[in-house]
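Novice: Next up is a structure, given as structure tokens.
The values are calculated or read from the model by the stated rules, or taken from the named source; none is laboratory data. Just so it is clear, the structure is predicted and the values come from calculations on it, not from any experiment. So basically every Cβ, Gly included, is an ideal-geometry build from the backbone, and we count neighbours across all protein chains shown. Protein only, heavy atoms only, side chains kept; ligands, DNA and RNA dropped before computing areas. Shrake-Rupley method; radii C 1.70, N 1.55, O 1.52, S 1.80 Å.
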Amino acid sequence: MTRRFLSLTFALLGCFGLWSGPIFAQGEVPPTRVEISFAFRTHSNLPVKGNLLLRPAEGKGEPVRLALSSPAPLSLTLPAGSKWEVSAEVPGFWVPRKALAVGPSDQPSRLALDLWPLGSISGVVLVKGKKTPPPRQVLVRSLAAPAFLNRPVAPKGDLDCPVDKKGFWSCSLPAATYDLVISAEGLSSHYRWSVQVPAGKTLSLGAIELERGASVAGWVAVEEGAIEPGRCTARLAVLVAGGSSLKSVSDLERTAFERQVGKDGFFQLSGLAPGTYALEVRQPGFPPVRRAPVRVAPGAETLLAEPLILRHSLDLQFAVHPALDWLGRPWRAQIFQLGERQPVPLVFDGTADEGGRLAVPGQSSGRFRVDLKDSLGNRLYSGEHSVDGPNSAPQSIEVRFITVEGRIRLGEEPLVSTLWFGGSYGATSVKMEADAEGRFHGVLPREGLWRIEIAAGEPGFPTWTRAEVQASRSGKARVEIVLPDTRIFGRVVDEQGKPVPKADVAIQGESVELATTADADGSYEVRALPQGPVWLGAQSSSQLSDRVFATLVEGRAVGPIELRLHSTRQLSGTVLSSRGPVVGSRVTVLARAPGGSGAVATTGTDGAFHVDLPQAVSRVEVVVSAPGFALRAFDASTEGEPLVLQVTEEGGGLEITLPLTEDEILRENLLLAIFQNGFFVPGSAWGQWAYDQGQPRGRSDRTLRVPNVAPGEYRACLLPRQLEMSLASVLVPEEAICSSGFLAPGATLSLKPGRP
């Protein structure tokens, strides 16, 4: 049986012979008188007999041994300035080891040793489940409870206690009042509070049932208040990478664990699978408090070192300028709390007052996204704000109005259509209607380059374009949009040539990508995309088409192009860490072939994922965005065994400073391409990961910061956008002006690609 308490053993080593030589060499160092006393920490009638042992602190010289026959103080002389480690072997007692620094010869040195009488605890351990044998040993550990509980002082340490075939165990430890944790390998822990171990006696703890699996435990405190039994709950949910599908998030959300918090503030959630979690504690009258990531290793307990504090709520306060929208009506606001939860929770949906003031009571400090819509439903502002405390002053939100008038044409003809500046689902989204003459008008919140989603009325088709908005001194802008009269059409069919209704069709060119749906006859048509090369592909259920390349030409129809669906094959794999399977990881799979396809999946509770790929794909690149770990790209074969992708918590930061603004990059039709260990990682993956790590959406400067990425070689290049479709399979052109370097664990790598 191994017993550990502050690196001392409880095993009695027997009596040492009396030390009979001189304590120091005469004439070398002046002596100092030292007095060593003893203090009982708990009453005991046992005699104090044994040995006192002094070891040189630096390991040089022989130890000093003195016999003990009573608790009376001992007096001896030691060299001035010497340092010692003092311990004692006294049957029936535990004596904590202490350090002694001997002072100058004219000042006596004193040291007090504590005498803790020994007692015992025992019990019977059971494992939940039918016919499950008991563990071979249990670990008994004294718990350091938070200071706010005012627990009595007790020795800190742990004991390995053997268990017999019937589950019986016993251990000796200093007599005191303990908070104890009793655990065994692969089983969740059991807690006992205020256990009074008697001196010279054995306390039975009775039957203790342990459950297989991992667990999380911790404490909750209430600011100027108390825990309400039955109303305070702790909830543990798997962390899910941003960008995962709502179905994946919903499925994993159902695996969440919830338990009540005890009146002393303690909670334990057991029977957990290993993974990375977010913990949330709630009690009526207080905003929830969250902590993430919480890492859970297989069969082990995660005991949170610091308590979660339920603090009084604060009011979010914002002041919008101008106070009313461009139509003289109150602003409508939606406010979301940003953090680890997916989907992001909505905490306010309402209107500002006529003074432009927004107040949202009952919130906690943290990051929030504020969306402002005018009275027509146009989203004219979306920005992130941090709120740190209850005394925060109202944060100012400035919205600029630029009056826009314009005209849209398809070739030479006006186009009746609906335009969404920023896209219908963009962070900023402004809807304008074009009449029979193609004329439209409205208000935008800024100048610059806009991406515009267009839905034509007759003939009906969707498309995208970009337009520059520059306002005069009066705040007015004129926009002329001329869509190229291009057309590509065809049909989606199955392997037997039969039409496939409602199949998804994707088309991508150098500067725009578009998704549409085939009609009931499998027919599709896409119009008004820029001239130049494009590829098309279709998907329906678990079937995919090969990518088909074509060239769009102004005034000429291209087609019919048949998109034939083929059966796919499934690529499976598992994301693992040193702690076990990684749940909630976003896995992006890219075919390493010209015009190759891709797929995205989210790992389940076993860390596994499955994606459908064309039969011909033999090699893929896999980008794993695992919450709580470092983003990493892998090269893998689709042949043979399922993939095993190992991620690590070891990571660093990536910082890329660009020579151009985002608008300038779009105007010059360029692409920021970032490679990790030679593998191209799509910009969408970098952007989503940076946002997941707490970076705000969009960049006000020319620097992209991506925290927590895997160590390795990195390369950043500004390239012509037409290369995007083939970066997963081709080398970067030699003429590209790239910046590269090696990222070490815990470091930050700064890259500055040149302008092509």
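Novice: Scan region 25-69 residue by residue and report those that are among the β-branched types (V, I, T) and more than 30 Å from T177 (Cα to Cα).
Specialist: Of everything in region 25-69, those that are among the β-branched types (V, I, T) and more than 30 Å from T177 (Cα to Cα) turn out to be V29, T32, V34, V64.
Conditions tested, residue by residue: (1) at pLDDT 90 or above; (2) more than 30 Å from S365 (Cα to Cα); (3) not basic (K, R).
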residue: S396; (1), (2), (3): yes, no, yes
residue: R400; (1), (2), (3): yes, no, no
residue: R409; (1), (2), (3): yes, yes, no
residue: L419; (1), (2), (3): yes, yes, yes
residue: A427; (1), (2), (3): no, no, yes
residue: V430; (1), (2), (3): yes, yes, yes
residue: F440; (1), (2), (3): yes, yes, yes
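Novice: Could you grab the pairs with beta carbons closer than 8 Å, sequence gap of 6+ or different chains, first residue in region 368-383 and farther than 14 Å from P445 by Cα, second one surrounded by 22 or more Cβ atoms within 10 Å (Cβ to Cβ) and aliphatic (A, V, I, L, M)?
Specialist: Going by the 8 Å Cβ cut-off, the qualifying pairs are F368/L316; V370/L358.
Novice: Within region 613-638, restricting attention to residues that are over 19 Å from D546 (Cα atoms) and charged (D, E, K, R), which residue is surrounded by the most Cβ atoms within 10 Å (Cβ to Cβ)?
Specialist: Selected residue: R632.
Novice: Kindly provide the set of residues from region 410-433 that are out of contact with any Asp or Glu (no Cβ under 7 Å at 6 or more places or on another chain) and open to solvent by 20 Å² or more (accessible area, probe 1.4 Å), ordered by number.
Specialist: Residues satisfying the conditions are E412, E413, G422, Y425, A427, T428, K431, E433.
Novice: Something else about it: Quick check on my filter: what residues within region 128-151 are out of contact with any Lys or Arg (no Cβ under 9 Å at 6 or more places or on another chain) and not in a strand (DSSP E or B)?
Specialist: If the condition is that a residue be out of contact with any Lys or Arg (no Cβ under 9 Å at 6 or more places or on another chain) and not in a strand (DSSP E or B), then K130, K131, P135, R136, P146, A147, F148, L149, N150, R151 are the ones that fit.
Novice: Let me ask another. Among the residues of region 358-411, what is the count of those that are charged (D, E, K, R) and under 23 Å from L308 (Cα atoms)?
Specialist: Number satisfying all stated conditions: 2.
Novice: Being surrounded by 15 or more Cβ atoms within 10 Å (Cβ to Cβ), touching a Ser or Thr at 6+ places or on another chain (Cβ under 6 Å), of a type in the set (D, E, K, R) and at negative phi, is that true of even one residue in region 456-473?
Specialist: So far as region 456-473 goes, no, none of its residues is surrounded by 15 or more Cβ atoms within 10 Å (Cβ to Cβ), touching a Ser or Thr at 6+ places or on another chain (Cβ under 6 Å), of a type in the set (D, E, K, R) and at negative phi.
Novice: Mind listing whichever residues of region 92-119 are open to solvent by 30 Å² or more (accessible area, probe 1.4 Å) and outside any strand (DSSP E or B)?
Specialist: The answer is R97, P104, S105, D106, Q107, P108.
Novice: While we're looking at this one, here's another question. I'd like to check something: does region 236-254 contain any residue that is surrounded by 17 or more Cβ atoms within 10 Å (Cβ to Cβ), under 27 Å from D179 (Cβ atoms) and of a type in the set (G, A, S)?
Specialist: No, that holds for no residue.
Novice: May I ask you to say which residue of G299, G271 is in contact with a strand residue (DSSP E or B) (Cβ under 9 Å, 6 or more places away or on another chain), within 20 Å of L236 (Cα to Cα) and outside any loop (DSSP other than H, G, I, E, B)?
Specialist: G271
Novice: Another question, if that's okay. Within region 315-330, does at least one residue satisfy the condition of being open to solvent by 70 Å² or more (accessible area, probe 1.4 Å) and modelled with pLDDT under 90?
Specialist: Within region 315-330, one or more residues are open to solvent by 70 Å² or more (accessible area, probe 1.4 Å) and modelled with pLDDT under 90.
Novice: Now for a different question. Which residues, taken from region 159-188, are crowded, with 18+ Cβ neighbours inside 10 Å and closer than 22 Å to G218 by Cβ?
Specialist: Y178, D179, L180, V181, I182, S183, A184, L187, S188
Novice: Taking the stated definitions as given, is G448 within 30 Å of R311 (Cα to Cα) and open to solvent by less than 30 Å² (accessible area, probe 1.4 Å)?
Specialist: Criteria not met by G448.
Novice: Of all residues in region 554-581 being within 38 Å of the chain's Cα centre (by Cα) and of a type in the set (D, E, K, R), which is surrounded by the most Cβ atoms within 10 Å (Cβ to Cβ)?
Specialist: The selected residue is R579.
This table checks each residue for (1) within 18 Å of L723 (Cβ to Cβ); (2) touching a Ser or Thr at 6+ places or on another chain (Cβ under 9 Å); (3) open to solvent by less than 20 Å² (accessible area, probe 1.4 Å); (4) free of Cβ contacts under 8 Å to residues at least 12 places away in the same chain.
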{"position": "L590", "(1), (2), (3), (4)": "yes, yes, no, no"}
{"position": "V611", "(1), (2), (3), (4)": "no, yes, yes, no"}
{"position": "G640", "(1), (2), (3), (4)": "no, no, no, yes"}
{"position": "V644", "(1), (2), (3), (4)": "no, yes, no, no"}
{"position": "E649", "(1), (2), (3), (4)": "no, yes, no, no"}
{"position": "G652", "(1), (2), (3), (4)": "no, yes, yes, no"}
{"position": "Q676", "(1), (2), (3), (4)": "yes, no, yes, no"}
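Novice: With A273, A305 as the choices, which residue is open to solvent by 20 Å² or more (accessible area, probe 1.4 Å) and closer than 25 Å to D606 by Cβ?
Specialist: When all the criteria are applied, what remains is A273.
Novice: Report yes if E89 is acidic (D, E), surrounded by 13 or more Cβ atoms within 10 Å (Cβ to Cβ) and either under 30 Å from L203 (Cα atoms) or touching a residue at least 60 places away in the same chain (Cβ under 8 Å) (or both), otherwise no.
Specialist: yes
Novice: Within region 116-174, track down each residue that is among the aromatic types (F, W, Y) and within 40 Å of the chain's Cα centre (by Cα).
Specialist: Residue satisfying the conditions is F148 alone.
Novice: Let me spell it out: the conditions are (1) among the aliphatic types (A, V, I, L, M); (2) open to solvent by less than 10 Å² (accessible area, probe 1.4 Å); (3) closer than 25 Å to I335 by Cα, and V261 meets all of them except one. Which number is the exception?
Specialist: Status for V261: all satisfied but (3).
Novice: Looking at (1) in a strand (DSSP E or B); (2) open to solvent by 30 Å² or more (accessible area, probe 1.4 Å); (3) closer than 30 Å to Q543 by Cβ, which is the only condition I488 fails?
Specialist: The one condition I488 does not meet is (2).
Novice: When you scan region 216-242, how many residues do you find that are among the hydroxyl-bearing types (S, T, Y) and modelled with pLDDT under 90?
Specialist: Adding up the residues that qualify gives 0.
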